[in-house]
Amino acid sequence: MNKIRHGQRQPCHRALQRSRAAFHVSVCSRYVSRRRSPPTCKLRGATHLKPRPRSARQERRTHPHSHRSAAACIVLLRLGLVCYRENKEEVKPAMDLVNGLLNWVGTPTMLVSLLLFYPPYYLFKTCYSFLSWIFPEDLARKVVLITGASSGIGEQLAYQYAMKGAALVLVARREGILRQVADKAFELGARDVIILPGDVANPDDCKRIVQTTISHYDRLDHLVCNAGIASVGAFEEIPDVTNYSSQLDVNFWGSVQTTFAALPHLKRSRGRIVVTASATGWNPVPRMSFYNAANAALINFFETLRTELGSEIGITIVTPGWIESEMSKGKFLKEHGQVEVDQEMRDAQIGLFPVEYAKNCAKAMVQAARQGEHYLTVPAWFRAMYLWRVFAPEVVEICYRLLYMHGRGASQTDAPSRAMAEAGGKKLLYPTSLRSGEIKSD
């Protein structure tokens, strides 16, 4: 017979161990039925039970439910609910049992509970929205800080807040354009306007912007994180992924850094944060992978922050579709890391999607902020696409591939979506301002 080396197990070691464990269970059950303390077990991996002293009267008495205790002990051991140690690793089969049970029962239970819960919830939300619509927040004499205020949605937000009598702090990189926006905001009824040229991609600028606002007004009521740029390009055709680092610096970190600096002041005034993300955060579009990722991060960050802050600060997350702006005019961050105007790429990206006016979007955003809404999607029909994304994601992916992806060896602008736009979609679905490639400059 071959000798077994130290540490080496026999092929039937597991079978022997199982048979010994079964024998130990039978011994335990007999002793439990007789109400005796089980002897100390020397089987490795089993629980060592110390005998407990018993009186003579207890020894003579037979427990009426002893057979049930023995059966329960056997069932627990067989189901794996009793933890045991094997090969110096703790095994907990109970976890697998519970997860397996939830896999079968959890989803139907959640769906049924949602169907029962949603009608009263929807009724409550409708009543709350109606009351908020009747009694919205008064913005007169409130201090509003808007980033990315030189054009597009940010510019129109400045005008909408101005018409409500708010004091404005306008932030963007182009000082000359900011002055033009500030002058018009004064004409529309702004109580006061100051301009702060700065880049939200720079953390020091974010701190300086907030500190200057507090020094001038001694308060901050609404922080509107609107600054953003769009990148476009197929991921596999990018020469260097670091060329898109500014995408996250502006869209994500710019909003996070500004919020971090403004948080104590917003708590003091019990103010509100309005975040301009994008519908691509939950409905990603081909050739905009970094832009999609930045907006998804932005949405999840502020959803988490809303939970952490509770009712101290309100947060409204806006997910616009295609809106009239410099972005929809074709101003993109390209593969080589430079911002350029490319209307052919714009036509390939927008395709037959109708473009909403920036004024309508800004008006809806201010109204949602005044009513304390948690979410806003403009245009509203974009929310239906979210349902497709949840319940039929494969269908959405196939449609996007058919519309946006070009054939092998072809240019990115040779997509079917651009051909549809050129066939007449632009004249019907795009605002007049988008048909020219003119971008504001100082």
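Being crowded, with 17+ Cβ neighbours inside 10 Å, closer than 17 Å to GLY152 by Cα and out of contact with any helix residue (DSSP H, G or I) (no Cβ under 6 Å at 6 or more places or on another chain) narrows it down to one of ALA182, ALA172, so name that one.
ALA182
Collect the residues in the range 307-322 that are buried (at least 19 other Cβ atoms within 10 Å of the Cβ) and out of contact with any Gly (no Cβ under 7 Å at 6 or more places or on another chain), keeping them in residue-number order. Give the steps one after another, and end with the answer.
Looking only at the range 307-322, we keep the residues that are buried (at least 19 other Cβ atoms within 10 Å of the Cβ), and these are 313-322.
Once the filter is applied, which keeps residues that are buried (at least 19 other Cβ atoms within 10 Å of the Cβ) and out of contact with any Gly (no Cβ under 7 Å at 6 or more places or on another chain), the range 307-322 yields ILE315, THR316, ILE317, VAL318, PRO320, GLY321, TRP322.
Please go through the range 140-169 and give me each residue that is crowded, with 24+ Cβ neighbours inside 10 Å, under 27 Å from the mean Cα position of the chain (by Cα) and part of a loop (DSSP other than H, G, I, E, B), ordered by number.
Result: GLY148, ALA149.
Cβ-Cβ below 9 Å, separation at least six or inter-chain, first residue in the range 421-442 and under 18 Å from LYS359 (Cα atoms), second surrounded by fewer than 16 Cβ atoms within 10 Å (Cβ to Cβ) and modelled with pLDDT under 80: which pairs?
ARG435/LYS427
Quick grid of which residues meet (1) closer than 23 Å to CYS206 by Cα; (2) in a helix (DSSP H, G or I):
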{"residue": "GLY228", "(1), (2)": "yes, no"}
{"residue": "GLN247", "(1), (2)": "yes, yes"}
{"residue": "ASN251", "(1), (2)": "yes, yes"}
{"residue": "ALA262", "(1), (2)": "yes, yes"}
{"residue": "ILE273", "(1), (2)": "yes, no"}
{"residue": "PRO284", "(1), (2)": "no, no"}
{"residue": "THR307", "(1), (2)": "no, yes"}
{"residue": "ILE315", "(1), (2)": "yes, no"}
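Going through the range 286-305 one residue at a time, which ones are within 12 Å of the chain's Cα centre (by Cα), among the polar types (S, T, N, Q) and either surrounded by fewer than 22 Cβ atoms within 10 Å (Cβ to Cβ) or assigned to a loop (DSSP other than H, G, I, E, B) (or both)? Show your work before the answer.
Here is the first cut: in the range 286-305, the residues within 12 Å of the chain's Cα centre (by Cα) are 292-305.
Of the ones still in play, those that are also among the polar types (S, T, N, Q) are 292, 295, 300, 304.
Selection gives ASN292, ASN300, THR304.
May I ask you to list the residues in the range 399-439 that are surrounded by 16 or more Cβ atoms within 10 Å (Cβ to Cβ) and modelled with pLDDT under 75?
HIS406, GLN412, THR413, GLY425
The values are calculated or read from the model by the stated rules, or taken from the named source; none is laboratory data. In this text the structure is predicted, and so the values were computed from the model without any measurement. Because the Cβ atoms are built from the backbone with ideal geometry, glycine has one as well, and the counts that use them run over all protein chains shown.
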